[in-house]
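Report on the following structure.
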Amino acid sequence: MEAVAMKSIQIDEDLYQYIAAHTEQIGESATSILRRLLNLSASGTVAAVMPSSTTRMELSEILAGLAYMRRYVVVDRMLKLLEAVCAKNPKEFEKVLQIRGRSRCYFAKSEAEILKSSDSTQPKKIGNTGYWVMTNSPTNQKQVLMRDVLGKLGYSDASVKAAIEFLS
């Protein structure tokens, strides 16, 4: 693959906030956000994986079972949803360990591993799963994180959207 020279530009704060608000994946570059917003093609696009109908049904069942949690804070809803998704397929859930930020560890098998990446991550245990997740982020970043998790596990766009709404 050919190396591409990157340029630096200065932009106003409101434009930066606009670009940041349209982040869809943890660690997504400004270049890919702008390409998506401007409908410009990127070189080397990857085809999406089609989830099974069983996977889609299981997530809707999970969300229906968690409907009572609407009155809980976002962190608690996120933890419960992650726990339920892990319970459906514990071996597959290990893929979340691949989700990382530029300098932060979002998922780990121990609290210490997340704290190693930053003191202000506020790691919380995901139920009895043996996994930990960083929780010190705004709601929109938690939603992006959940989108990454569910996408990595093969859930449909509609299921992911329902899960994001659950975290709103």
Which listed residue, of LYS95, LYS109, is closer than 25 Å to SER168 by Cβ and of a type in the set (Lys, Arg): LYS95
Qualifying residue in the range 133-153 (condition: out of contact with any Phe, Trp or Tyr (no Cβ under 8 Å at 6 or more places or on another chain) and farther than 30 Å from GLN17 by Cα): no
The range 126-138, residues that are in contact (Cβ under 8 Å) with a residue 24 or more places away in the chain and surrounded by 13 or more Cβ atoms within 10 Å (Cβ to Cβ): ILE126, GLY127, THR129, TYR131, TRP132, VAL133, MET134, THR135
Whichever residue in the range 51-79 is under 18 Å from the mean Cα position of the chain (by Cα) and assigned to a loop (DSSP other than H, G, I, E, B) and, among such residues, is modelled with the lowest pLDDT: PRO51
Test: residue in the range 97-117 that is assigned to a helix (DSSP H, G or I), in contact (Cβ under 8 Å) with a residue 40 or more places away in the chain and touching a helix residue (DSSP H, G or I) at 6+ places or on another chain (Cβ under 9 Å): yes
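The values are calculated or read from the model by the stated rules, or taken from the named source; none is laboratory data. Just so you know, these numbers come straight off a predicted model, no measurement behind them. Note that we place each Cβ from the backbone using ideal geometry, even for glycine, and neighbour counts take in every protein chain shown.
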